[in-house]
Amino acid sequence: MEINDVQIDSRKSKPGSLFIAMKGVAFDGHQFIDKAVDAGAVAIVFEETVFERKKGIVYVQVENSGAAAGLIAHNFFDQPSEKLKLVGVTGTNGKTTIATLLYKLFTSLGYKCGLLSTVENQIDGKVLPATHTTPDAISLNALLRQMVEEGCTHVFMEASSHAIHQHRVTGLRFAGGIFSNITHDHLDYHKSFDEYIRVKKSFFDSLPSGAFAISNADDKRGTVMLQNTNAKKYYYSLKTVAEFKGKILDNSLTGLVMVVNDQEVHFRLIGEFNAYNLLAVYGAAICLEEDKQEVLRSLSMLTGAEGRFDYIVSAKDKVIAIVDYAHTPDALLNVLATIKKLKKGFEKIITVVGCGGDRDKTKRPIMAEVACEHSDKTIFTSDNPRSQDPAQIIKEMEADVSAAAKRKYVPIADRKEAIKTAISLEGNEDIILVAGKGHEKYQEIKGVKNHFDDKEVVTEMFEVLER
């Protein structure tokens, strides 16, 4: 039976398609098998017999459609991951920055590279917009095939916990894997922290013996991640002995001065969390057999990912605004701790923060507490409310706020107004943090994505308020 294409969306099926019925979070593909057949699908891969079989159609029952889709897609697109060096990055925070830095580094070293990240997918400098952190197995393998055809030798990708759990990366051959850190995130999806850890760890468990696995020795679960991997293990650290060892000499708004494996380097990135990201990138480059001096020279010239500690200084009053994607309590704490370390002493920190709707509710009061505790003033606002009422989300954020913190915050549901208020409250040289959305160019309200760009709004308000 000749197969012309592979689909997991029945609406895209056409004559000669193989349709894989998958159980998703919102839909069950088994309900659309007949639709796929009517559209011309000639073969069906399924888990449960909940439909009537039709003559002339090939039916293949599998234990897990997700895993089958990963393997089938990889084979259908001629095993693209075997033809280049694919490196996967997983962890709660830092994935995008690590993957983006690797892409920029290897491009500057003269290679043709591919990038698969939350912010964007890129093929040798050409940008393709990204919808999920990791595309579905079919789109992912199609992209990798395109990267092979365009001559890419290295591809760097984020591997989110959802993608690992849904088998979107199953079947791919990784040259290496990197673990950044693990904290409270996506508990709405994984239900428990132990399950979240197990899913992240399964990525390393499946790496082949010829690959490398790099982990953060300073994360309390850094060693657990690699305990059952067949890959060659390496660690990076700022605090303990490791193969890739860093020490921060200076951390200011002009960048980081660090010692990396006995070599002093000045980086343009800011903050301790970026010191970790840089060590992970350095480690991967060494594991990919690049020259130490060349790697450090190139890394010293790179900037980070859009919407990750992105700072703007107003023309007149030299007011600083930092836009960051921090949307977990830990990431928010990291950013605020970094700002504190960069302060000269007298500046105030004003934080604008919200929590996403239809997502992990347990982190809402923690986010609020972190923001209030580490800022001089805080404004609770909307993030992406999705189907929820923004006022209700703010109420849940306020639930456990301490008496001392209550004096520090105001709720303003309209995000644009919240940013405007923060800038009008700001004294000269104070620092504003606008957290939660980073690179996103939209705000999702009741199923509609409205144009909204934090950086754009900050710049506009600097002008309106003549700062």
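Beta carbons within 10 angstrom, averaged per residue: use that to sort the peptides 444-451, 349-356, highest first.
Highest to lowest by the protection proxy: 349-356, 444-451.
Using unit Cβ charges (K, R positive; D, E negative) and no other charged atoms, how large, in debye to the nearest 20, is the dipole of segment 231-373 about its Cα centre?
380
Rounded to the nearest 500, what is the 222 nm mean residue ellipticity of the chain from helices alone, with -39500 (n - 2.57) per DSSP H run of 4+ residues and division by all residues?
The helix-only estimate for the chain comes to -10000 deg cm²/dmol at 222 nm.
Quick one: pull the percent of accessible area on the chain belonging to carbon and sulfur, 1.4 Å probe, ligands and nucleic acids left out.
51
Can you tell me which of 228-241, 45-58, 363-376, 8-21 comes out highest on packing, and rank the rest after it, using the mean Cβ neighbours within 10 Å?
Peptide ranking by packing, descending: 363-376, 8-21, 228-241, 45-58.
In whole Hz, what ³J(HN,Hα) sequence does segment 96-110 give by Karplus (6.51, -1.76, 1.60; θ = phi - 60°), x for Gly and Pro?
My calculation for segment 96-110 gives 5, 5, 5, 4, 5, 5, 4, 4, 5, 4, 5, 5, 5, 7, x Hz in order.
What percent antiparallel are the DSSP beta bridges of the chain, to the nearest 5?
35
In nm, give the distance between the simple-model label positions of Asp28 and Ser387, each being 7 Å from the Cα along the Cα-to-Cβ direction.
Result: 1.8 nm between the two label points.
Could you pull out the pairs from Lys377/Lys406; Lys104/Lys232; Lys35/Lys449 whose alpha carbons sit more than 19 Å apart here?
Violating the 19 Å limit, Cα to Cα: Lys104/Lys232; Lys35/Lys449.
Can you tell me which of 382-391, 338-347 comes out highest on packing, and rank the rest after it, using the mean Cβ neighbours within 10 Å?
382-391, 338-347
With everything on Cα atoms, drop me the angle between helix 415-425 and the longest principal axis of the chain, reported from 0 to 90° to the nearest 10.
It is inclined by approximately 20 degrees.
Over what distance in Å are the Cα centres of segment 189-262 and segment 270-285 separated?
That distance is 10 Å.
Just subtract the alpha-carbon distance of Leu71 and Asp9 from 0.36 nm times their residue separation and send over the number in nm, one decimal.
That pair, Leu71 and Asp9, stretches by 20.6 nm at full extension.
Under a 1.4 Å probe, what is the accessible area of the chain per residue, stated in Å²?
Computed with neighbouring chains in place, this is 43 Å² per residue.
Rounded to the nearest 20 Debye, what is the dipole magnitude of the chain about its Cα centre when Lys and Arg each give +1 and Asp and Glu each give -1 at the C-beta?
So the magnitude is around 340 debye.
Collect residues whose amide H, placed 1.01 Å from N in the peptide plane, falls under 5 Å from the amide H of Ser215; neighbours closer than 5 in sequence don't count.
Amide H neighbours of Ser215, under 5 Å, 5+ apart: Phe179, Tyr234, Tyr235, Tyr236.
What is the antiparallel percent of DSSP beta bridges lying wholly in segment 206-340, to the nearest 5?
Of those bridges, close to 70 percent are antiparallel.
The values are calculated or read from the model by the stated rules, or taken from the named source; none is laboratory data. Only a predicted model underlies this, so the values are computations on that prediction, with no experimental measurement involved. Here the Cβ is made from the backbone with ideal geometry for all residues, glycine too, and neighbour counts use every protein chain on show. Accessible surface is based on the protein model in full, side chains and every heavy atom, while ligands, DNA and RNA are left aside. Shrake-Rupley method; radii C 1.70, N 1.55, O 1.52, S 1.80 Å.
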